[in-house]
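Each value in this text was obtained by applying a stated rule to the coordinates, not by laboratory testing. Note that the coordinates shown come from a computational prediction; the quantities given were computed from them, not determined experimentally. No Cβ is skipped: glycine too gets one built from the backbone with ideal geometry, and neighbour counts run over all protein chains shown.
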Amino acid sequence: MTPEQINNFRIELGPASEIGLGAVLFIMMFAVALGLKPANFKFFKDNPKDFPAGIIAQLIGLPFLTIALLYVMNPAPTFALGMIIVACCPGGNVSNLLSLFGRANTALSVSLTATSSVAAAFFTPISILFWASQYGPTAKLLREIDFSILGFLAQALIILALPLVLGMLIAKKWPDFAPKLQKPLAMIGGLGLIIITVVGTLKYWHVLMAIGAMIIPLVVIHNALALALGYGTGWLIKSDVRSRRTLTIEVGIQNSGLGLIILLTQLNGLGGAAIITAMWGIWHIISGGIVACLFRFSDRKNSNHV
């Protein structure tokens, strides 16, 4: 595909599909909120170093690093937008599992994921618009598509913030009922996202094969830099080993499913951006698993030298 074809490529959705995607996103955010507890935010008080450093690296450091990478690699504008959207998304629950497997600081991981998820409802849409405006090709792309900034922010607030507030209210008022409701909803949301990804991949497989060689290096390099940023942040503030591992995983693992649904429902289904985002969702599980295995290997190696 030519650069012009890539930038003009759209993933077409009918009204029913858009409603379904919006419902999946609503359910995902609602399920996250049902699991939030005051203890998830205790690191505000208990850890004045690692916790704020992780939040800053995730919400500000990664988007800034992404913009710098775009100026160096100069990808197609639609690819660049996908990279920016991924960088602006919160951490995903996958990071908690990888932190547990990699013998990282799991409590810190849960706190960072919870905080970034809450911030996502209000911060992610604004962050996407801000950072996209800092890179000329993506700023131009958003001007060229039929895109309303106020409409985007309003829709994002409804789809992201409303379920978050409702879920947190239910979790506070009915703490015993919330976990029972969360599990099936989380499964429904996750299954819905998997179905969307699989169906979309099969439908646009020919496009993926045509541009795969262009997007895989972008995803791999971008994700590697995100992991390095997390590790470097821990090293800079002199975190202990377990917390440094958590920062590595939290900054390197993003909720790309959230980014994909935002793209498909509110940004005209920009195809190249959507494929970048979906590919990140696959690759970060692979890279995160490799990193977690390396952490465990390091523990085993060190124990053999004792």
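Tabulated values for the structure
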| read-out | value |
| --- | --- |
| Förster-model FRET efficiency, 45 Å R0, Ser133 and Val241, C-beta, rounded to 0.05 | 0.70 |
| Other-chain or far-sequence residues with amide H under 5 Å of Leu270's (modelled H) | Ile11 |
| At R0 = 51 Å, FRET efficiency that the Cβ-Cβ distance of Met187 and Tyr71 yields, to 0.05 | 0.80 |
| Protection-proxy order for peptides 220-231, 151-162, each taking the mean of Cβ atoms within 10 Å per residue, highest first | 220-231, 151-162 |
| Computed E for Ile56/Arg300 - FRET, C-beta separation, R0 30 angstrom, nearest 0.05 | 0.40 |
| Cys88, Cys293 arranged by Cβ crowding within 10 Å, fewest neighbours leading | Cys293, Cys88 |
| Segments 22-28, 113-119 sorted - mean Cβ within 10 Å per residue, highest first | 113-119, 22-28 |
| Karplus 3J(HN,Hα) series, Hz, for the stretch 74-85 with 6.51 cos²θ - 1.76 cosθ + 1.60 (x for Gly, Pro) | 6, x, 4, x, 5, 5, 4, 5, x, 5, 5, 4 |
| Ranked by how many other beta carbons lie within 10 Å on average, peptides 255-261, 237-243 from highest | 255-261, 237-243 |
| Exposure proxy order (Cβ contacts within 10 Å, fewest to most) of Ile276, Ile195 | Ile195, Ile276 |
